[in-house]
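Read through the structure below, which is laid out as structure tokens, and then see the notes.
The values are calculated or read from the model by the stated rules, or taken from the named source; none is laboratory data. On a predicted model such as this, the values are computed, not experimentally measured, just so you know. Please note: Cβ atoms are built from the backbone with ideal geometry, for glycine as well, and neighbour counts cover all protein chains shown.
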Amino acid sequence: MSKLKKISHILIALILAAAAGGLVWYYVKVSVPSEKVVVATGKLPIGTVIGEQNVTIREYPASAIPSEAETSLDKVVGKTIVSGTVFPGDVIRKGHMASDMGSLKTVLTSMAPGKEAIDLPADTASGLKGVAAGDLVNVYTEITVGKDTTEVECVAAGAVILKVPLGSTDKDNSLAGQKSTGSFIIAVTPEEAQKVAAGNVTGKKFSLSLLPPKGGQ
């Protein structure tokens, strides 16, 4: 009997402790003000056009919510991320987005101000998987240097990827998910744009090399 009493006392203590914990949790929940806000469900790099699958509503303590936090899914779906990468669980703020439905002009202005956007042939770097908007690349093509003599030259250094062909990345929530073209769109200087355009017009093939991010390896 004494053994049963000890076990029963332990069980009662555990039940009381669980009840006390539940009461504390309930008290904290009802006493701390909270609000529903829009948060990211996955990583949203610059250039991402926000879809319904990329965001959700969650309840956060009011004291932890940024002043520009969005509270409605309708106000964020279709807009473009233009101010830094948004990570899973981050609260979506007005400053993260531009409102013109993912226009290329918005992406160019935010990612590569002062540069021009130009496309590359659809078959460029078909084996370079995983490249995403915001990555830096060097662009190479064949140029003529003399009679019957050609060599490979870098015609655009540190070009910014604005858009990638469908299928070159596992993400379909960024500009890669748009089906308007099947080619890379890059941001380059006006001088580099002329060289790339000349290659496009004459049917040259282009190759890309992926560079480390600025300040990184």
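Where residues in the stretch 121-138 are among the aliphatic types (A, V, I, L, M) and not in a loop (DSSP other than H, G, I, E, B), which of them is surrounded by the fewest Cβ atoms within 10 Å (Cβ to Cβ)? Steps first, please.
At the first step, the residues of the stretch 121-138 found to be among the aliphatic types (A, V, I, L, M) are 122, 125, 128, 131-133, 136-137.
With the extra rule that they be not in a loop (DSSP other than H, G, I, E, B), the set shrinks to 136-137.
Working: Leu136: 16, Val137: 22.
The selected residue is Leu136.
Determine which member of the set Thr141, Thr124 is at pLDDT 90 or above and either in contact with a Phe, Trp or Tyr (Cβ under 8 Å, 6 or more places away or on another chain) or not small (Gly, Ala, Ser) (or both).
Numbers: Thr124 fails: at pLDDT 90 or above.
On inspection, the qualifying residue turns out to be Thr141.
Has the stretch 37-44 got at least one residue that is surrounded by fewer than 13 Cβ atoms within 10 Å (Cβ to Cβ), at pLDDT 90 or above and β-branched (Val, Ile, Thr)?
Taking the stretch 37-44 first, the residues surrounded by fewer than 13 Cβ atoms within 10 Å (Cβ to Cβ) are none.
Within the stretch 37-44 (the criterion being surrounded by fewer than 13 Cβ atoms within 10 Å (Cβ to Cβ), at pLDDT 90 or above and β-branched (Val, Ile, Thr)), the answer is no, since none of the residues qualifies.
Output the number of residues of the stretch 50-102 satisfying the condition of being modelled with pLDDT under 85, more than 24 Å from Lys163 (Cβ to Cβ), in a loop (DSSP other than H, G, I, E, B) and of a type in the set (S, T, N, Q).
1
Would you tally the residues in the stretch 171-209 being modelled with pLDDT of 90 or more, surrounded by fewer than 14 Cβ atoms within 10 Å (Cβ to Cβ) and under 21 Å from Ser110 (Cα atoms)?
2
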